Amino acid sequence: RALADAYLHGKGVEVDYEKAGLFHMLAEAQEQDAVSQYALSNMYGKGIGVEQDSVKAFMYLVSAALNGHAEAQNLLGVTFLKKNNFTKAIQYLQLAADQGVAEAHHRLASIYYNGDGIPKDIEKAMEHFYLGATQGGQESLTMLKLFGDLGNATAKDYLGKMYGVGQGVSQEKD
């Protein structure tokens, strides 16, 4: 896979997308490598070094997600979200969130807040906004502050924790 990444990003060699694709395919075929599967998904999705093929792009995205690639899980969750398949969206977004993907927490928070395909759960929404914010998600932090300003006690508690230790925000001194 290192050789594939070298050709893809021009590290020590001239950029060659066709060779990058070939080496990623080789790594994926030999090792079921999630990073290579995700790279192939992007390459097929954008037609980089290979002929654009949305079916192959999706197939490699699913394989990468099933093999534990956090960004693939997040993207697959977003894909299902766009198709209003909330059960699958939550499943993959939760897998990504469990690996620390801030965007996945933010999207889960929105699903729980809006009750998209599930019962509305404001407490769970605030928890995911908090987790996303603690992992550097600025959108989640913004939403947590907004809900805190609107008087949501859970959001205020989470913000208090963050301000107390300076996590994602400037630490407040008494």
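FYI, it's all coordinate maths here, none of it is from the lab. What you are looking at is a predicted structure, and each value in this text was computed from that prediction instead of being measured. Backbone-built Cβ (ideal geometry, glycine too); neighbour counts: all protein chains shown.
So here's what we get for this one:
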quantity: Positive dipole terminus of region 1-102, leading residue within G68, T79, Q99 (C-beta point charges); calculated: T79
quantity: Cα-based reach from K83 at 15 Å (exclusive), listing aspartates and glutamates while leaving out same-chain residues under 8 positions away; calculated: D116
quantity: Alpha carbon convex hull of the chain, volume per residue in cubic angstrom; calculated: 127 Å³
quantity: Charge dipole magnitude, Cβ of K and R +1, D and E -1 - region 67-169, Cα centre, debye nearest 20; calculated: 180 debye
quantity: Cβ-derived FRET efficiency at R0 41 Å, K56 paired with L150, nearest 0.05; calculated: 0.35
quantity: Rg/Rg_globular for region 80-162, with Rg_globular taken as 2.2 N^0.38 Å and Rg from C-alpha atoms; calculated: 1.02
quantity: Filtered trypsin sites (Lys or Arg not before Pro), region 86-134: DSSP coil and at most 13 other beta carbons within 10 Å; calculated: K120
quantity: Residue-span extension gain [Q91 to K11] - 0.36 nm each, minus C-alpha spacing; calculated: 25.2 nm
quantity: Exceeding the 19 Å Cα-Cα cut-off - candidates K120/K161; K46/K88; K88/K120; K19/K46; calculated: K120/K161; K46/K88
quantity: For region 1-79, alpha-carbon Rg over 2.2 N^0.38 Å; calculated: 1.01
